[in-house]
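Let me begin by presenting the structure, written as structure tokens, before commenting on it.
The values are calculated or read from the model by the stated rules, or taken from the named source; none is laboratory data. Please read these numbers as outputs of a predicted model, since none were measured by experiment. With ideal geometry, Cβ positions are generated from the backbone for all residues, glycine too; neighbour counts draw on all protein chains shown.
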Number of protein chains: 2
Amino acid sequence: MSDVVNFLGGLEDQMVGYIFGRRRATDVAHSVWKHVVREGDTVVDATCGNGHDTLALVKLVAGESGRGRVYGMDIQEDALRSTSCFLGQSLSTQEMELVKLLPMCHSKLAEIDPDDASVRLVAFNLGYLPGGDKAITTKSETTRLALEAAGSIIEPGGLISTVVYVGHPNGREEFETVQAFASGLSTENWVCCKLQMLNRPLAPVLIFMFKR
Amino acid sequence: MSDVVNFLGGLEDQMVGYIFGRRRATDVAHSVWKHVVREGDTVVDATCGNGHDTLALVKLVAGESGRGRVYGMDIQEDALRSTSCFLGQSLSTQEMELVKLLPMCHSKLAEIDPDDASVRLVAFNLGYLPGGDKAITTKSETTRLALEAAGSIIEPGGLISTVVYVGHPNGREEFETVQAFASGLSTENWVCCKLQMLNRPLAPVLIFMFKR
């Protein structure tokens, strides 16, 4: 029963915490993922960064079946090295086998071959690599291509999850790009929802695109 | 324990349901209120409408202490009659005594005398009276005055909760007014957060202003 409470408590705490300014946007995203991703699923971390999202995804798909798969993409080799190191410290050998790190721009998302499995979730954590070169950020145009690719590979019941940082130089334009993409998806097939802090204009924005 | 699960499950279900397009904005608002309002609190329903929000608020403040208070405001007498009738069918005599219905415009919010009690929550459900004359809607200017009044009477730890409908003629302007008000509140004292459907531009928008 306490597992149920913990599970139910997860998103609860994160959402309330976010609304009340106590939780980070990424914590909310992780909690939403728990309601979408199941053991054995195939998922994509389109922007590995330091690997925190990748780790959270592995924990969701890993299990006794050993069938889960996490594709982790990043155009920066520093990011993949950092992710690989972080995962190595945090995961078992068995869990590590579920991860495939790809030194690719997220706009090449459609080139991932998910072994004929459909993709349950594509996660984007946009902006620059924490601790890395802040001049290297995701770009609006590649992000738009990546979102289109994500939209084409995601299965019904799946989710495109984005955390968008508006504080970096390309951030505002990238935010507008993600928002325009989500706004343009058909209501017949997609539910697109935005969570945003209003009196902290530089706070990260959450945009979820849920495929019916 | 099942009470704990139900309680924790409340916002959980509503939030996930909202993100995934299965729940109404008002259901999410009610769930957030549960985390703010306690038995014995004084709260204000600034826009009674048909009384559904008023009822939800009475259920939150009512209890053995008998100290709770719900002020229900609406400028339309039809709305207060409808609210009174709805509450009469749904509440005990004891609970009814906690309610004070006021035939006033919500811009007069500051004129409510909360018996020296501080106010924990002010709820706005903007737009027109469901089933009433759709030409009579809340107006941007009175709503702005009402928000300012709400901001001045709400206690630390309290909440201004708004559900904004952008589909009626004044809706877009009213939405901009609420958003501008929330965006202008100091981050030192307020956390302001917006939940919005992106690919359904006429869907109601939730704006929460939580006072630290």
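Taking the stated definitions as given, is A:Phe208 crowded, with 17+ Cβ neighbours inside 10 Å and within 14 Å of chain B (Cβ to nearest Cβ)? Can you show your working first?
Details: crowded, with 17+ Cβ neighbours inside 10 Å: yes; within 14 Å of chain B (Cβ to nearest Cβ): yes.
Yes; evaluated as a whole, the condition is true for this residue.
Note on segment B:99-139: residues that are among the polar types (S, T, N, Q) and within 15 Å of the chain's Cα centre (by Cα) amount to 3.
The residues of segment A:170-192 that are in contact (Cβ under 8 Å) with a residue 24 or more places away in the chain, closer than 23 Å to B:Cys192 by Cβ and either at the interface with chain B (Cβ under 7 Å from one of its Cβ atoms) or crowded, with 21+ Cβ neighbours inside 10 Å (or both), listed by number, are A:Gly171, A:Glu174, A:Phe175, A:Val178, A:Gln179, A:Ala182. Of all the numbered requirements in (1) part of a loop (DSSP other than H, G, I, E, B); (2) within 15 Å of the chain's Cα centre (by Cα), A:Glu188 misses one, and that requirement is (2). If you scan segment A:160-212, which residues turn out to be under 25 Å from A:Asp133 (Cβ atoms) and among the aromatic types (Phe, Trp, Tyr)? Correct list: A:Tyr165, A:Phe175. Would you check if A:Ala123 is away from chain B (no Cβ under 13 Å) and at pLDDT 95 or above? Here the answer is yes, as A:Ala123 does meet what is asked. Of all residues in segment B:1-53, those being buried (at least 20 other Cβ atoms within 10 Å of the Cβ), at pLDDT 85 or above and β-branched (Val, Ile, Thr) number 8. Might you let me know whether segment B:193-203 holds any residue that is basic (Lys, Arg), facing another protein chain (nearest Cβ under 9 Å) and within 15 Å of the chain's Cα centre (by Cα)? Looking for residues that are basic (Lys, Arg), facing another protein chain (nearest Cβ under 9 Å) and within 15 Å of the chain's Cα centre (by Cα), one finds at least one in segment B:193-203, hence yes.
Please list, ordered by residue number, the helices (runs of 4 or more DSSP H) wholly in segment A:71-159 having 2 or more residues that are in contact with a strand residue (DSSP E or B) (Cβ under 8 Å, 6 or more places away or on another chain) and either of a type in the set (D, E, K, R) or surrounded by 19 or more Cβ atoms within 10 Å (Cβ to Cβ) (or both). Explain how you work it out, then say what you get.
On the way: elements: A:77-90, A:93-96, A:140-153.
Hits in segment A:71-159: A:77-90, A:140-153.
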